[in-house]
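The structure appears right after this line, and notes come after that.
The values are calculated or read from the model by the stated rules, or taken from the named source; none is laboratory data. Note that this is a predicted model, so its numbers are computed, not measured. Here Cβ is always computed from backbone atoms with ideal geometry, including for glycine, and neighbour counts include all displayed protein chains. Remember, those area values only see protein heavy atoms, side chains included, never the ligands or the DNA or RNA. Shrake-Rupley method; radii C 1.70, N 1.55, O 1.52, S 1.80 Å.
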Amino acid sequence: KLKYKNVKLIVLDGTYPVAENPILCTKEVWRPYIDKKRCEKDILEVKEGYSDFDNIMYRISEKYENIDYIPLRLGLCVNNICGQYTKNKNIIWHDSGHITEEASKELGSMLEMQLRIRNLKK
């Protein structure tokens, strides 16, 4: 129905913290070191966790010209490591399911760029 009304649908992936309690992955005076095994994941491991969803969405976006898929979670990874900090060293997670305003702004920039690449924003 959307295609016939000339409406574009942008599907974004979900994001999830790599640690069970991401606030314990932030550096503090009383916690100067974080447990990298618990607080960071290699980007390949994260991609593997989303591979079924990614594959479905890429197939759908190839089949339907009015559907685009943008995996925003990759914008939260730095140097192929997904953890608690953005590339600008902002904390990503303020609880176990919501990203901070600063992380949202960084993802917003990435989303804007992806929309421009797809000629969906000028």
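Answer yes if at least one residue in region 50-63 is among the aromatic types (F, W, Y) and without any contact (Cβ under 8 Å) to a residue 12 or more places away in the chain, and no otherwise. So far as region 50-63 goes, yes, one or more of its residues are among the aromatic types (F, W, Y) and without any contact (Cβ under 8 Å) to a residue 12 or more places away in the chain. Per this entry, Y64 is counted among residues that are open to solvent by 80 Å² or more (accessible area, probe 1.4 Å) and in contact with a Lys or Arg (Cβ under 7 Å, 6 or more places away or on another chain). Among residues of region 1-24 being under 23 Å from K89 (Cα atoms) and open to solvent by less than 60 Å² (accessible area, probe 1.4 Å), the one that is modelled with the lowest pLDDT is T15. Of the set (1) out of contact with any strand residue (DSSP E or B) (no Cβ under 6 Å at 6 or more places or on another chain); (2) among the small types (G, A, S); (3) within 23 Å of V11 (Cβ to Cβ), all apply to G83 but (3).
Looking at region 32-122, the helices (runs of 4 or more DSSP H) lying wholly inside it that each contain 3 or more residues that are basic (K, R) sit at 36-39, 43-63.
The set of residues in region 25-60 being more than 19 Å from L76 (Cβ to Cβ), among the hydrophobic types (A, V, I, L, M, F, W, C) and open to solvent by 90 Å² or more (accessible area, probe 1.4 Å) consists of V29, W30.
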